[in-house]
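So the structure is just underneath, and the comments pick up after that.
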Amino acid sequence: MKILVIGATGPTGRELVAQGLALGHQIAAAVRHPESANLPPGVTVVRADVTSAASLAAAVAGQDAVVSSLGSKLSRKPTTLFSDGTCNLLAAMENAGVKRLVCITGIGAGDSKGHGGFLYDKIIQPLLLTEIYKDKTRQEALIRECGLDWTIVRPGTLTNGPSTGQYKELTDLTGITVGKIARADVAGFILKHLDDQSSIRRTFTLCY
């Protein structure tokens, strides 16, 4: 499968790239600065920026699927990076006829707010992540309204631990406090479900 990874130079994006290559996929990495990407051999590095619709159109062309692992620097200022970038990505995919999209958001987006535990819900998110997660909520809404074959993935607190293959795939958070999960397991879940029709138009929360 030809897979474009948005946010390929972030820690989760690098897991997606490495595991995708190991599985024999053709991986393209959309990055703003290819000269400093430092990605493994075998990756096609494409200069692209989610704020530029034209650059995304070129990156998306010819792909079978797109995985968005878009991240941002920690900031308490209002942002529209996730929603604006996703709007550009959705338009590029629709114009190119690329249907499959998996997007990583996180706990605190949409109806997952309040399920991260006391420290996360009462201290970390209100003090540090409020504006980011307001925009991730807008991002999720845009995806749900589009006509693509989308899956939204909300990981718990991300760690750099090894892949275990042993994690919960939650679609209902009633009464649930979401814990940790390794980036390696998030990447493994996504790659496993890229061609899984039963995951289309669904939202999954991942944790141990």
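The values are calculated or read from the model by the stated rules, or taken from the named source; none is laboratory data. Small disclaimer: the values here were computed from a predicted structure and weren't measured. Don't worry about glycine lacking a Cβ; one is built from the backbone with ideal geometry, like all the others, and counts go over all protein chains shown.
The single condition among (1) surrounded by fewer than 19 Cβ atoms within 10 Å (Cβ to Cβ); (2) more than 17 Å from the chain's Cα centre (by Cα); (3) assigned to a helix (DSSP H, G or I); (4) not polar (S, T, N, Q) that Y120 does not meet is (1). Look through region 5-44, keep the residues that are crowded, with 17+ Cβ neighbours inside 10 Å and hydroxyl-bearing (S, T, Y), and return whichever of them is nearest to R183 (Cα to Cα). Restricting to residues being crowded, with 17+ Cβ neighbours inside 10 Å and hydroxyl-bearing (S, T, Y), the top hit is T12.
Pairs are defined by a Cβ separation below 8 Å, a sequence spacing of at least 6 or placement on different chains, a first member in region 191-208 that is closer than 14 Å to L23 by Cβ, and a second member that is modelled with pLDDT of 95 or more and surrounded by fewer than 16 Cβ atoms within 10 Å (Cβ to Cβ); the pairs so defined are L191/L23; L194/M1; D195/M1.
So that you can scan it fast, the table gives a plain yes or no per residue for (1) among the small types (G, A, S); (2) over 17 Å from R201 (Cα atoms):
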position: R76; (1), (2): no, yes
position: T86; (1), (2): no, no
position: L90; (1), (2): no, no
position: I104; (1), (2): no, no
position: G114; (1), (2): yes, yes
position: K122; (1), (2): no, yes
position: T130; (1), (2): no, yes
position: L142; (1), (2): no, no
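Under the condition of being closer than 22 Å to Q125 by Cα and either at pLDDT below 95 or in contact with a Lys or Arg (Cβ under 9 Å, 6 or more places away or on another chain) (or both), the residues counted in region 87-109 number 6.
Residues that are farther than 28 Å from F189 by Cβ and either touching a Lys or Arg at 6+ places or on another chain (Cβ under 8 Å) or not polar (S, T, N, Q) (or both): does region 59-73 have at least one? Checking region 59-73: not a single residue is farther than 28 Å from F189 by Cβ and either touching a Lys or Arg at 6+ places or on another chain (Cβ under 8 Å) or not polar (S, T, N, Q) (or both). On the stretch given as region 155-203, residues that are under 15 Å from G117 (Cβ atoms), in contact with an Asp or Glu (Cβ under 9 Å, 6 or more places away or on another chain) and crowded, with 20+ Cβ neighbours inside 10 Å total 1. The single condition among (1) in contact (Cβ under 8 Å) with a residue 40 or more places away in the chain; (2) under 21 Å from R100 (Cα atoms) that P78 does not satisfy is (2).
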